[in-house]
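The block underneath contains the structure these notes are about, expressed in structure tokens.
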Amino acid sequence: MGTVRHILQKKGNRIFSIAPTSTVYNALELMVERDVGSLLVMGNDKFAGIFTERDYARKVILKGKASKETLIRDIMSEHPATVTPDTTVEQCMSLMTTRYIRHLPVIEDDKLIGLVSIGDIVKYIIEEQKFIIENLEHYITGH
């Protein structure tokens, strides 16, 4: 099976980020605009953490906080699990399953280079399976 590098080559490594001093409301606006479930938090051009829909639900809504007054730095996940481009798809699935997470920042040489989501992983596996099935069909039918 493939690696994170393969996924990033197909999907690209576009990063949607927000500053830790931004409000949760601003983050939510950006997430809706970009149709994403998480934002990478960047402070002084360095990876500082991740903000997800779950962070919003658990740390803002359920705690009765106001999204226009709460800062990202106060509720973000500061030390999320990360992967490298050489991490296998199976390792990503295992990490996501055991830690109950949906997003994995990708780090190479101490630099943030991308993000893979559970959706990216599932899409990759489906495409791999389709490729294998098509090759088997060609082998069996001789075409």
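The values are calculated or read from the model by the stated rules, or taken from the named source; none is laboratory data. Everything quoted here is computed from the prediction, not taken from an experiment. Every residue, glycine among them, receives a Cβ derived from its backbone with ideal geometry; neighbour counts consider all protein chains shown.
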Among the listed residues Glu128, Glu78, Glu108, Glu90, which satisfies the condition of being exposed (fewer than 12 other Cβ atoms within 10 Å of the Cβ) and among the acidic types (Asp, Glu)? Glu78
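Listed here are the residues, each with its yes/no results for (1) touching a Phe, Trp or Tyr at 6+ places or on another chain (Cβ under 9 Å); (2) closer than 27 Å to Gly2 by Cβ.
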site	(1), (2)
Gly64	no, no
Ile75	yes, no
Arg102	no, yes
Gly142	no, no
Could you grab the pairs with beta carbons closer than 6 Å, sequence gap of 6+ or different chains, first residue in region 10-25 and over 23 Å from Lys123 (Cα atoms), second one at pLDDT 95 or above and charged (D, E, K, R)? Pro20/Arg73; Thr23/Lys68; Tyr25/Lys68
Residues that are among the acidic types (Asp, Glu), surrounded by fewer than 16 Cβ atoms within 10 Å (Cβ to Cβ) and either in contact (Cβ under 8 Å) with a residue 60 or more places away in the chain or within 21 Å of Lys11 (Cα to Cα) (or both): does region 54-70 have at least one? no
Look at region 11-63 and say how many of its residues are among the aromatic types (Phe, Trp, Tyr) and assigned to a loop (DSSP other than H, G, I, E, B). 1
Among (1) assigned to a loop (DSSP other than H, G, I, E, B); (2) in contact with a Cys (Cβ under 9 Å, 6 or more places away or on another chain), Leu104 falls short only on (1)
Looking for something in contact with an Asp or Glu (Cβ under 8 Å, 6 or more places away or on another chain) and among the small types (Gly, Ala, Ser) - is there at least one such residue anywhere in region 66-77? yes
